[in-house]
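Below is one structure, written out as structure tokens; the observations come after it.
The values are calculated or read from the model by the stated rules, or taken from the named source; none is laboratory data. Not measured: the values here are computed from a predicted model. With ideal geometry, Cβ positions are generated from the backbone for all residues, glycine too; neighbour counts draw on all protein chains shown. When the accessible area is computed, the model is the full protein with side chains, heavy atoms only, and any ligands, DNA or RNA have been set aside. Shrake-Rupley method; radii C 1.70, N 1.55, O 1.52, S 1.80 Å.
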Amino acid sequence: MTEGTILCVDDDPTVRSALRTVMSNLGEGYVVEIAENGEEALEIEAELREQGQDLMVVISDFIMPGMHGDALLARVHQLSPETINIMLTGQSAFEGVKRAINEANLYRFLEKPFDNDDFLLTVKSACLAFQQQQALKQKNQALTQLNSELEQMLETLNNQRQELARSEAKATISTLVASVSHELSTPIGNSLMTAEMIIELVDNFQKTVEAGHLKRSNLDEFLKSVTDGGGMLQKNLQRASGLLQNFKQVAADQASEQRRVFDLAGAVQEILSTMAPSMRHKPHRVVLDIAPGIVVDSVPGALGQVVINLVNNAWLHAFEGRDNGVLTIRASCIDDTIHMTFADNGIGISAANLARLCEPFFSTRIGQGGTGLGMSIVENLVRKALGGTLQLASTPGVGTTFTIDFPARAPGAA
């Protein structure tokens with residue numbers, strides 16, 4: 001695989017021959033171009049840009065006929081700002097070197113005659129600096145794209161919020177916005193800190209090279225640090241991207257706002273019937289203990305989502321590792337208040353997890369297909385759409401009971 005191109009420029013045939021010999025020891029993956037003067041070098045640079053190839057490093061002599069090295073490197077810097085520039089000088093041309101530092105973003109200058117090992121190590125460090133610079137650029141572009149997606153999602157969510165405000169049966173969108181913002185703050189914050197750390201590492205490494213104190217151990221340590229930092233950056237960006245994907249699914253999920261008078265037992269039975277095909281793959285069962293004749297004037301769509309989520313919750317969590325799961329759904333009406341319970345004989349929930357169960361994005365199965373949003377949606381639907389309350393009780397090893405109390409006539413019913 002080609003890493004990129006290194007361009008060497010010198011008017012002295014002997015030096016060009018020496019450069020070819022030294023650069024042959026650079027290793028595989030690099031293309032080395034040799035030019036006799038600045039004009040030829042610019043032609044090569046233009047051709048590479050047209051072909052979309054990376055010009056990683058330019059090594060130029062200072063004193064040359066026609067265009068001197070400082071002018072050449074300044075021009076290269078204008079055309080390809082990311083290219084690493086190195087100057088060779090056989091005399092104390094400090095004014096020219098100073099101009100190159102200011103105008104051409106000079107990485108380092110070497111005096112001729114140069115030591116082959118020192119020269120080769122400098123070129124390798126320049127190539128590494130270029131590669132890490134490109135990697136950091138890509139990571140920053142990914143972070144910028146992620147922030148752009150987040151802004152678009154928040155804008156979309158804000159538009160949907162106005163629509164959802166007309167329906168009490170839909171999940172509270174403001175809660176989800178706050179939850180997403182909170183969850184994303186950690187990976188994005190970590191990504192920004194990691195990017196700053198990588199920039200500081202590159203800066204310190206460059207100073208070490210310029211001071212002429214570069215050792216093999218410095219190079220190895222720099223490579224390991226930047227590689228670890230890039231891995232951390234990628235991991236945090238992937239986590240943030242995953243959270244955004246989960247959020248897109250929730251934002252797209254629309255709760256029905258239609259209200260009507262319906263028989264509670266019949267409505268729940270219809271919901272369970274639609275779920276039957278997917279539940280047949282597990283040996284568990286649902287026991288429905290609701291007497292017919294309990295008439296409710298409410299939002300059946302919201303109630304249906306509550307039932308579906310609680311049944312799925314039992315199948316995914318409560319009965320994990322068991323083959324005899326039973327979920328019993330009971331309901332009664334006392335003083336125009338519907339009292340419903342969903343009781344399972346599953347593995348139960350610890351007190352610590354029970355206290356957080358309705359928090360958005362909390363799940364013991366994150367990374368295994370769980371989004372951590374099911375119980376948050378249930379709690380919002382019960383409270384906002386049905387005008388009721390949700391209570392939880394659980395005993396590890398025995399089972400869990402969800403209790404829902406809501407008015408037989410939903411708030412706002414005529």
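The table for this structure:
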quantity: Unique match (being of a type in the set (S, T, N, Q), over 34 Å from the mean Cα position of the chain (by Cα) and crowded, with 16+ Cβ neighbours inside 10 Å) among SER394, SER376; calculated: SER394
quantity: Some residue of segment 46-53 being crowded, with 17+ Cβ neighbours inside 10 Å, within 21 Å of ASN105 (Cβ to Cβ) and touching a strand residue (DSSP E or B) at 6+ places or on another chain (Cβ under 7 Å); calculated: yes
quantity: When residues of segment 62-74 are limited to those that are under 11 Å from ASP10 (Cβ atoms) and open to solvent by 10 Å² or more (accessible area, probe 1.4 Å), the one farthest from the chain's Cα centre (by Cα); calculated: ILE63
quantity: Residue count, segment 260-305 (criterion: touching a residue at least 24 places away in the same chain (Cβ under 8 Å), basic (Lys, Arg) and more than 23 Å from THR401 (Cβ to Cβ)); calculated: 1
quantity: Selection count, segment 319-350, where residues are open to solvent by less than 30 Å² (accessible area, probe 1.4 Å) and acidic (Asp, Glu); calculated: 1
quantity: All positions within segment 217-242 that are under 24 Å from PHE109 (Cα atoms) and either in contact (Cβ under 8 Å) with a residue 40 or more places away in the chain or outside any helix (DSSP H, G or I) (or both); calculated: LEU219, PHE222, LEU223
quantity: Boolean, ALA352 is outside any loop (DSSP other than H, G, I, E, B), modelled with pLDDT under 85 and not charged (D, E, K, R); calculated: yes
quantity: Some residue of segment 10-30 being modelled with pLDDT of 90 or more and small (Gly, Ala, Ser); calculated: no
quantity: Residues of segment 261-290 classified as open to solvent by less than 60 Å² (accessible area, probe 1.4 Å) and in a loop (DSSP other than H, G, I, E, B), total; calculated: 1
quantity: Residues of segment 310-348 satisfying the condition of being in contact (Cβ under 8 Å) with a residue 60 or more places away in the chain and assigned to a loop (DSSP other than H, G, I, E, B); calculated: ASP336
quantity: Any hit, segment 106-113, residues being closer than 30 Å to GLY387 by Cα and either at pLDDT 70 or above or under 28 Å from the mean Cα position of the chain (by Cα) (or both); calculated: no
